[in-house]
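Trainee: Okay, here's the structure, questions in a sec.
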Amino acid sequence: MEIAKYLNILETAERLKDTTRHSYTSGGRHESVAEHSWRLCLMAYFLRDEFPELNMDKVLHMCLLHDMGEVFTGDIPSFTKTKGDEEKESTLLQNWIASLPAPYRQETEDLFQEMEVLSTGEAKLYKALDKLEVIDQHNRADLSTWIPLEYDLNLTYADEQVAHSPYLKELRAAMRVETVEKIGKSS
């Protein structure tokens with residue numbers, strides 16, 4: 001790969017370190033998109049033995065790249081993101097993908113298409129873990145950082161995405177127990 005193109009990719013991706021999310025860390029500061037993506041990759045890595053039939057390298061690639069569009073739009077929480085927001089992010093992301101050198105351009109286009117249609121086991125696992133990471137991060141953060149709708153949302157978020165896997169349903173149930181205990185301790 002041409003050095004200048006490589007450095008440009010790194011420069012663009014580095015901006016995710018400064019792109020904050022709605023979620024807070026256990027230390028009380030907003031987390032960055034890069035931190036979310038890193039933790040999501042870690043989640044996938046440690047589940048590879050639970051899903052031996054899946055191409056975990058592909059899952060890790062999905063986890064690494066899934067929020068690259070937020071370099072251009074910032075993080076918009078799922079509960080406030082509009083169709084217009086999604087279209088803008090998609091357009092800007094597609095422009096970035098089109099700028100990638102071959103073979104990464106086609107590989108990345110294919111990966112995002114697979115993630116969008118959720119037709120493969122790899123895409124379904126990535127999407128479930130993406131939602132579960134958010135739940136777990138909320139469970140780690142102080143309850144004072146939650147907004148009112150998150151009390152209910154943290155009890156139901158990701159239910160649809162984990163439905164295809166007994167293991168993921170069990171993981172989701174364990175996270176729900178942690179949410180209930182966290183909320184109960186504040187009462």
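Trainee: Quick one: what Rg and Dmax do you get for the stretch 1-99 from the alpha carbons, in Å?
Mentor: 15.0, 41
Trainee: If we count other beta carbons within 10 Å of each Cβ, what is the order of Ile76, Ile147, fewest first?
Mentor: Ile147, Ile76
Trainee: Where does the chain land on Rg(C-alpha)/(2.2 N^0.38 Å)?
Mentor: Normalised Rg, Cα atoms only: 1.06.
Trainee: Something else: Consider all pairwise Cα distances in the stretch 71-128 and report the whole-number % of them above 15 Å.
Mentor: Here the tail beyond 15 Å accounts for 59 percent of pairs.
Trainee: Say we join alpha carbon atoms closer than 10 Å with springs in a Gaussian network model of the chain; which of Ala158, Ala34, Ala174 then has the biggest fluctuation?
Mentor: Ala174
Trainee: Where does each of Leu153, Leu40 land when they are ranked from fewest to most other beta-carbon atoms within 10 angstrom?
Mentor: Ascending number of Cβ neighbours within 10 Å: Leu153, Leu40.
Trainee: Counting helices only, and only those DSSP H runs with n ≥ 4, report the 222 nm mean residue ellipticity of the chain as the sum of -39,500 (n - 2.57) divided by its residues, in deg cm²/dmol to the nearest 500.
Mentor: Counting only the DSSP helices, I get -20500 deg cm²/dmol.
Trainee: Name the residue from Trp96, Ile9, Trp146 whose Cα lies farthest towards the positive end of the charge dipole of the chain, charges +1 on Cβ of Lys and Arg and -1 on Cβ of Asp and Glu.
Mentor: Trp146
Trainee: Still on this structure: Among Leu132, Leu7, Leu100, which comes first, second and so on when ranked by fewest other beta-carbon atoms within 10 Å?
Mentor: The fewest-first ordering by Cβ neighbours comes to Leu7, Leu100, Leu132.
Trainee: Oh, and also: Kindly write out, for the stretch 179-186 in residue order, the coupling ³J(HN,Hα) from the Karplus curve 6.51 cos²θ - 1.76 cosθ + 1.60 (θ = phi - 60°), rounded to whole Hz, with x marking Gly and Pro.
Mentor: Working through the residues one at a time gives 4, 4, 5, 4, 5, x, 5, 8 Hz.
Trainee: Find the relative contact order for the chain and round it to a whole percent, using C-alpha pairs within less than 8 Å whose residues are 6+ positions apart.
Mentor: 24 percent
Trainee: Moving on. Anyone know which of Leu171, Leu16, Leu155 comes out most mobile in the 10 Å Cα GNM of the chain?
Mentor: Leu171
Trainee: Right, another one. Please get the size of the charge dipole for the chain, origin at its Cα centre, with Cβ charges of +1 on Lys and Arg and -1 on Asp and Glu, quoted in debye to the nearest 20.
Mentor: The calculated dipole for the chain is roughly 360 debye.
Trainee: To test your reading of the geometry: what angle, between 0 and 90 degrees and rounded to tens, separates the Cα axis of helix 121-140 from the longest principal axis of the chain?
Mentor: Helix 121-140 sits at roughly 50 degrees to that axis.
Trainee: Continuing with the same structure: Report the Rg/Rh value for the stretch 119-186, based on alpha-carbon coordinates and the Kirkwood definition of Rh.
Mentor: That ratio equals 1.00.
Trainee: Can you flag which of Lys58/Lys131; Lys17/Lys169; Lys58/Lys88; Lys5/Lys124; Lys124/Lys169 are past 24 Å Cα-Cα?
Mentor: Lys17/Lys169; Lys58/Lys88; Lys5/Lys124
No lab work stands behind these numbers, since they all come straight from the coordinates. Remember, it's a predicted structure, so these values are computed and weren't measured experimentally. Positions of Cβ are generated from backbone atoms using ideal geometry, with glycine treated the same way; all protein chains shown enter the neighbour counts.
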